[in-house]
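Structure first, commentary second.
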Amino acid sequence: MQGSKAKKIAVTAAAMLAAVTLAACSSSSSSSSSSTKTTQVKLKTAYNNTGKTNQTATKNGTLKVAEPNDSPFEGISDPVLQDNQEDLDVFSPSGGQPGASDALFNTDKNYKILKGGLANLKLDRKAKTATITLRKNAKWSNGMPVTAKDIEYPYEVIANPQTTSQQYSSDFNAIEGMAAYHSGKAKTISGFSYPDGQSGRVAVIHFSRMTPSMQYVGNTFLWSTVEPYEYIKNVPISKLASSEQIRKKPIFTGPYKLDKVVEGESTSWSPNKYYWGKKPQIKHIVINVVSSSNIDKAIQSKKYDFIIPGGVMHGTDYKELKNTKGYQIVGQPALSYGYFGFNVGHYDTKAQKNVMDKNSKMANVKLRQAMMYALNLDQLNKKFGNGVTWRANTLIPPIFSKYYDKSAKGYPLNIKKANQLLDEAGYKKKGKWRVQPNGKKLTIYFGAMQGTSTQEAEYQDYLQQWHKIGLHVVFATGKPMEMNSFYDTVQKPKQSKIDVYDAAWGLSSEPTPTGLYGTTATYNMGHFVSKENTKLMNEMNGSKSWNTAYRVKIFKQWQQYMNKQAAYAPDNFSYNWEPVNKRVKGFDVSPANNEFWSNLSFTSSNMK
């Protein structure tokens, strides 16, 4: 899956085609539990503006886009190196779709790879190869040709032992020579060949096995973007994320080129004359970060044409904005979800894999289950969600309708069961609080990201619920943490500051979760590892899983297994939605709209 509650990992269904990201948390909202029925909203993926395009307004105008967030964006433009949703958002005009910077492939509405993009893909199951052929007019925004080496170089950046990329997982080891390169035993990846040379248009990837997920963009075996090798080749991979080529003067293959970055605050764009696809119509685009406390007023006062697709918006925002004059609400089920993570191990940097610590504070599965049963997520979602967020029941969101297990129960409120589990596990009460089975004091540190007042109220509710079952749970730093600081903490190979945390994932468009919860996944920040987990995830792309029914069965088994283990537990699902000003024409966030930015135009010089 491709690296958006606070936001480091939320994404729209049109976004995140190539990487998994860390997201900011969306506020809990409408309920879909078996016991509570709150009506979920029904939104369309497009705003059908029937007005005529005003050519003067479009050719001379500026599209004003808001990026809702309470922290500055980091400023990493490269999708291989990005690990948060904000960077993906603010550099979005560099791709055909939101969240698809330098994307290789066009997709249909189900994210299946189509012909006609920057490149075409041909899979050969018998030969175990994937052949990627670039279009003849493929160029970077500085005029350089896109080459076969540009197809291969992302894999080098992702798998280099010194990389800062978080996108590596064991699935990439299906590429011949990838494991040797990743471990530092080889200087190149032997599984790549170039029929017409590295400066040509064709790259062939040789695999030890082929998988059904390779048919879809965002899978964990084939990377879906290119890297400008000639432009960045002299920068050490370890220093790439901080380089001028990535931070200040990046180049792209999409419809717009970057004109300016105001660090942490905004990006500005103009049409890329070298773009191979549909010529963009609007002269300028400006994307500004807007705090969650100001975003509603900013829309109501018509400061922005729309909120970036994939931007985190809450149920309380929906209530405020749904009837705003001059705007249409557009959206679809989110390619993201909120979750709770428990710290049960560490990442072995030498072996490059996660390791469970059987003596860790949160190692007892009954303790984890009890903490989840203690939460009243249905009520919180009903109170704050306004139909756009609801309690999640698994770790696969409903947008993957084929694989999502709607029958899974998840963790509805059950205080009696929570207390029973703690008693069975030996967490006896000693005064007000429970102690560890060995009799020692138990204090559990909860990590959460700064957000809206609603989110703060939710965090307090979590603490109160945990206190009800006798667990002494407190904020890890005495209060919710700034987003980047939060993720810096939980992403350390080994840390003891946070025992349980509330966060969110922005997903890639193929649901295999190896990149999030696999043994070698750096995104596996709670460090949960088990033979059964590995077996089920491998089976999702095993030879039997070319049979769709079998693959669906395995996905559902995995969801049930992970719910039982509760090392990662579902929090909420939501719509990705955004208000769109009615002067905007051509707005459509469907995955099948491969020219999102180029299709936009204005019907008026002024916002409606």
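The values are calculated or read from the model by the stated rules, or taken from the named source; none is laboratory data. What you see is a predicted model, and the numbers here were worked out from it, not measured in a lab. Note: ideal-geometry Cβ built from the backbone for every residue, glycine included; neighbour counts use all protein chains shown. SASA here: full protein model, heavy atoms, side chains in, ligands and nucleic acids out. Shrake-Rupley method; radii C 1.70, N 1.55, O 1.52, S 1.80 Å.
If you scan segment 276-294, which residues turn out to be under 14 Å from Glu86 (Cα atoms) and part of a loop (DSSP other than H, G, I, E, B)?
Those that are under 14 Å from Glu86 (Cα atoms) and part of a loop (DSSP other than H, G, I, E, B): Ser291, Ser292.
If Asp87 satisfies every condition in (1) farther than 21 Å from Thr512 by Cβ; (2) open to solvent by 30 Å² or more (accessible area, probe 1.4 Å) but one, which is the exception?
Looking at each condition in turn, Asp87 falls short on (2).
Quick check: is even one residue across segment 20-30 modelled with pLDDT of 90 or more and either hydroxyl-bearing (Ser, Thr, Tyr) or out of contact with any strand residue (DSSP E or B) (no Cβ under 6 Å at 6 or more places or on another chain) (or both)? Give the steps one after another, and end with the answer.
Taking segment 20-30 and keeping what is modelled with pLDDT of 90 or more, we get none.
Scanning segment 20-30, I find no residue that is modelled with pLDDT of 90 or more and either hydroxyl-bearing (Ser, Thr, Tyr) or out of contact with any strand residue (DSSP E or B) (no Cβ under 6 Å at 6 or more places or on another chain) (or both), so the answer is no.
Which of the following residues is of a type outside the set (A, V, I, L, M, F, W, C), part of a loop (DSSP other than H, G, I, E, B) and either closer than 30 Å to Phe446 by Cβ or at pLDDT 95 or above (or both): Lys297, Lys273, Lys260? Before the answer, list the steps.
On the way: Lys297 fails: part of a loop (DSSP other than H, G, I, E, B); Lys260 fails: part of a loop (DSSP other than H, G, I, E, B).
Just one listed residue meets the conditions, Lys273.
For (1) open to solvent by 10 Å² or more (accessible area, probe 1.4 Å); (2) under 16 Å from Val202 (Cβ atoms); (3) out of contact with any Pro (no Cβ under 6 Å at 6 or more places or on another chain), each residue gets a yes or a no:
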| position | (1), (2), (3) |
| --- | --- |
| Ala103 | yes, no, yes |
| Gly116 | yes, no, yes |
| Asn120 | yes, yes, yes |
| Lys126 | yes, no, yes |
| Ile132 | no, yes, yes |
| Ser141 | yes, no, yes |
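What residue, among those in segment 488-522 that are surrounded by 22 or more Cβ atoms within 10 Å (Cβ to Cβ), of a type in the set (D, E, K, R) and modelled with pLDDT of 95 or more, is farthest from Pro72 (Cα to Cα)?
In this case the residue turns out to be Asp499.
Let me confirm something: among Asn606, Asn576, Asn593, which residue is within 24 Å of Tyr339 (Cα to Cα), outside any helix (DSSP H, G or I) and not aliphatic (A, V, I, L, M)?
Result: Asn576 is the single residue among Asn606, Asn576, Asn593 that is within 24 Å of Tyr339 (Cα to Cα), outside any helix (DSSP H, G or I) and not aliphatic (A, V, I, L, M).
For segment 440-481, which positions are in contact with a Ser or Thr (Cβ under 6 Å, 6 or more places away or on another chain) and acidic (Asp, Glu)?
Glu458
Can you say whether Ile151 is among the β-branched types (Val, Ile, Thr), at pLDDT 95 or above, under 25 Å from Tyr517 (Cα atoms) and surrounded by 19 or more Cβ atoms within 10 Å (Cβ to Cβ), as far as the supplied structure shows?
no
In segment 245-257, what residues are part of a strand (DSSP E or B) and either among the charged types (D, E, K, R) or at pLDDT below 95 (or both)?
Hit for segment 245-257 is Lys257, nothing else.
It is to be established whether one or more residues within segment 312-327 are among the hydroxyl-bearing types (Ser, Thr, Tyr), open to solvent by 10 Å² or more (accessible area, probe 1.4 Å) and under 25 Å from the mean Cα position of the chain (by Cα).
Looking for residues that are among the hydroxyl-bearing types (Ser, Thr, Tyr), open to solvent by 10 Å² or more (accessible area, probe 1.4 Å) and under 25 Å from the mean Cα position of the chain (by Cα), one finds at least one in segment 312-327, hence yes.
This table checks each residue for (1) surrounded by fewer than 19 Cβ atoms within 10 Å (Cβ to Cβ); (2) at pLDDT below 95; (3) touching a Gly at 6+ places or on another chain (Cβ under 9 Å); (4) not β-branched (Val, Ile, Thr).
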site	(1), (2), (3), (4)
Leu536	no, no, no, yes
Ser543	yes, yes, no, yes
Ile554	no, no, yes, no
Gln559	no, no, no, yes
Gln565	yes, no, no, yes
Asp571	no, no, yes, yes
Ser574	no, yes, yes, yes
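Just give me the residues in segment 330-358 being among the hydroxyl-bearing types (Ser, Thr, Tyr) and part of a strand (DSSP E or B), in sequence order.
Let us first name the residues in segment 330-358 that are among the hydroxyl-bearing types (Ser, Thr, Tyr), namely 336-337, 339, 347, 349.
Selection gives Ser336, Tyr337, Tyr339, Tyr347.
Among the residues of segment 188-235, what is the count of those that are buried (at least 22 other Cβ atoms within 10 Å of the Cβ), hydroxyl-bearing (Ser, Thr, Tyr) and assigned to a loop (DSSP other than H, G, I, E, B)?
Summing the residues that are buried (at least 22 other Cβ atoms within 10 Å of the Cβ), hydroxyl-bearing (Ser, Thr, Tyr) and assigned to a loop (DSSP other than H, G, I, E, B) in segment 188-235 gives 3.
Taking segment 265-278 only, how many residues are open to solvent by less than 50 Å² (accessible area, probe 1.4 Å) and in contact with a Gly (Cβ under 7 Å, 6 or more places away or on another chain)?
Residues that pass the stated criteria total 3.
Consider Arg368 against the criteria (1) modelled with pLDDT under 95; (2) charged (D, E, K, R); (3) in contact with a Phe, Trp or Tyr (Cβ under 9 Å, 6 or more places away or on another chain): it satisfies all of them except one. Which criterion is unmet?
(1)
Which of the residues spanning segment 577-597 are touching a Gly at 6+ places or on another chain (Cβ under 7 Å) and open to solvent by 10 Å² or more (accessible area, probe 1.4 Å)?
Across segment 577-597, the qualifying residues are Lys582, Lys585, Asn594, Glu595.
Would you tally the residues in segment 331-358 being open to solvent by less than 10 Å² (accessible area, probe 1.4 Å) and over 20 Å from the mean Cα position of the chain (by Cα)?
Of the residues in that region, 3 qualify.
Would you confirm, using the coordinates I've provided, whether Ala179 is within 27 Å of the chain's Cα centre (by Cα), open to solvent by 40 Å² or more (accessible area, probe 1.4 Å) and among the aliphatic types (A, V, I, L, M)?
Yes, satisfied.
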